[in-house]
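The values are calculated or read from the model by the stated rules, or taken from the named source; none is laboratory data. Quantities reported herein were computed from a predicted structural model and do not represent experimental measurements. For neighbour counting, all protein chains shown are included, and Cβ atoms are generated from backbone atoms with ideal geometry for every residue, glycine included. In case anyone asks, the SASA skips ligands and DNA or RNA and just uses the protein heavy atoms, side chains included. Shrake-Rupley method; radii C 1.70, N 1.55, O 1.52, S 1.80 Å.
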Amino acid sequence: MNDERDSGIIFHFTEDRVWPTSFEFQVMEGSTGDSWLTGPVTCTDSKGTAYPLNDEMRILKYKDAEKASGEWNLLEMLCYENHAEFFVNGVKVNDIHDLSLTEGRILLQLEYADVYYKDIELIQLY
């Protein structure tokens with residue numbers, strides 16, 4: 001199989017179904033830091049572009065900071081109020097705000113290949 005390894009951190013979801021209504025921090029070779037919207041969710045990107053209700057919408061990262069295939073990447077996501085920021089190896093790569101969902105569960109998702117996460121930390125600041 002020659003497809004890129006594809007996974008993600010799905011957040012702010014409340015439904016138990018395949019592709020729950022939610023937001024995703026994409027973790028995929030070459031696309032780490034993109035954001036996917038699934039279901040009827042809305043948000044605005046860092047340039048002020050509003051993303052309307054859609055089954056699925058992709059917001060491209062604005063910087064590439066991932067390491068070469070096979071190396072560990074440090075992923076950080078800050079979620080507060082109606083805002084989410086994505087960092088890859090200490091570099092801010094995406095910033096979405098006006099999120100239509102502001103709470104819900106977190107899901108580690110994978111497609112097409114094994115994925116490994118280590119040293120996961122969840123920190124509640126308030």
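Through the Karplus equation 6.51 cos²θ - 1.76 cosθ + 1.60, θ set to phi - 60°, convert the phi angles of region 35-46 into ³J(HN,Hα) values in whole Hz; use x for Gly and Pro.
10, 10, 10, 10, x, x, 10, 9, 6, 10, 8, 5
Which value in nm describes the separation of the simple spin-label points at I106 and E29, placed 7 Å from the Cα toward the beta carbon?
Placing both labels 7 Å beyond Cα along the Cβ direction yields 2.6 nm.
Taking the chain as a Gaussian network, Cα atoms linked when under 10 Å apart, which of G33, G48, G70 shows the biggest mean-square fluctuation?
Ranking G33, G48, G70 by mean-square fluctuation puts G70 first.
For region 43-104 and region 1-29, what is the separation of their Cα centres, given in Å?
12 Å
Report in % the part of the accessible area of the chain that belongs to carbon and sulfur, leaving out ligands and nucleic acids; probe 1.4 Å.
51 percent
Considering the chain as a Gaussian network with a 10 Å cut-off on Cα pairs, which listed residue, D95, D16, D34, attains the greatest mean-square fluctuation?
Its mean-square fluctuation being the largest, the pick is D16.
Would you mind working out the accessible area per residue for the chain, using a 1.4 Å probe, and quoting it in Å²?
63 Å²
In the set (1) 8.6; (2) 7.9; (3) 6.2, which value of mean projected area of the Cα convex hull in nm² was calculated from the structure you see?
Among (1) 8.6; (2) 7.9; (3) 6.2, the one calculated here is (2).
Would you mind telling me which residue in L78, L110, L37 has the biggest mean-square fluctuation in a Gaussian network model of the chain, where springs connect alpha carbons within a distance under 10 angstrom?
L78
For labels at H83 and I123 in the simple 7 Å Cα→Cβ model, what's the distance in nm?
A separation of 1.7 nm, rounded to one decimal place.
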